[in-house]
Amino acid sequence: MNYPLQLSFEILSVARKLSVIDAAGNLGFFVKQKMFKLKESVTVFADVDQKLPLYELKADRVIDFSANYNFTDARGTHVGAVRRKGMKSLWRARYDITNGNGRAMTIQEANPWAKVCDALFCEIPILGMFSGYVFHPEYLVAREDGTPVMRLKKEPAFFQGKFSIEKLDAVSEEEETRILLSLIMMVLLERQRG
């Protein structure tokens with residue numbers, strides 16, 4: 001994929017649909033989250049018409065503070081997983097990305113105050129409509145040794161959630177897929193938190 005990537009979704013939309021576009025304007029992923037499910041279930045497609053499913057992201061349990069979200073490809077092969085660190089995520093969002101052999105990388109919020117201020121500003125009548133232009137939470141994906149490999153940052157947007165994904169270090173194709181699926185799941189989960 002050509003970086004930086006643009007990840008976006010409509011805030012006012014009832015159905016949770018999200019798209020990932022690369023720097024050349026090509027669609028990388030189109031995501032549709034199944035609504036009204038007790039267990040989170042997200043399908044990642046190669047097209048907007050939702051005819052070519054690529055991946056399935058599913059929670060391992062019914063609504064839980066530290067659920068594990070498993071990734072499988074269209075053939076049902078396990079690709080990896082992401083797990084929200086329950087108590088550690090109360091203040092600063094933190095997720096562990098695994099490859100099936102244990103923890104491989106982490107996603108961590110760079111500055112938790114940005115998200116707190118964004119959520120509070122959003123609640124102010126009338127002014128809250130412009131919250132998308134004021135605070136911009138940022139998340140870093142890092143290897144176990146702390147080396148950052150990708151950055152996801154909220155971008156200014158009106159009635160739309162827009163994020164940019166920047167590649168900071170070389171990653172394999174498998175790692176890239178696992179990271180992008182983890183970032184998609186994290187954005188959907190963090191959107192629910194505010």
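Which one is most open to solvent (accessible area, probe 1.4 Å), of the residues in segment 92-108 that are at pLDDT 80 or above and part of a loop (DSSP other than H, G, I, E, B)?
Asn99
Using the structure shown, decide if Asp169 is over 24 Å from Ser41 (Cα atoms), out of contact with any strand residue (DSSP E or B) (no Cβ under 9 Å at 6 or more places or on another chain) and modelled with pLDDT of 85 or more.
No, not satisfied.
Looking at (1) modelled with pLDDT of 90 or more; (2) assigned to a helix (DSSP H, G or I); (3) hydroxyl-bearing (Ser, Thr, Tyr), find the lone condition where Ser131 falls short.
(1)
The values are calculated or read from the model by the stated rules, or taken from the named source; none is laboratory data. Given the structure is predicted, the values throughout are model-derived calculations rather than measurements. Here Cβ is always computed from backbone atoms with ideal geometry, including for glycine, and neighbour counts include all displayed protein chains. Just so you know, the surface numbers come from the protein's heavy atoms only, side chains and all, with ligands and any DNA or RNA stripped out. Shrake-Rupley method; radii C 1.70, N 1.55, O 1.52, S 1.80 Å.
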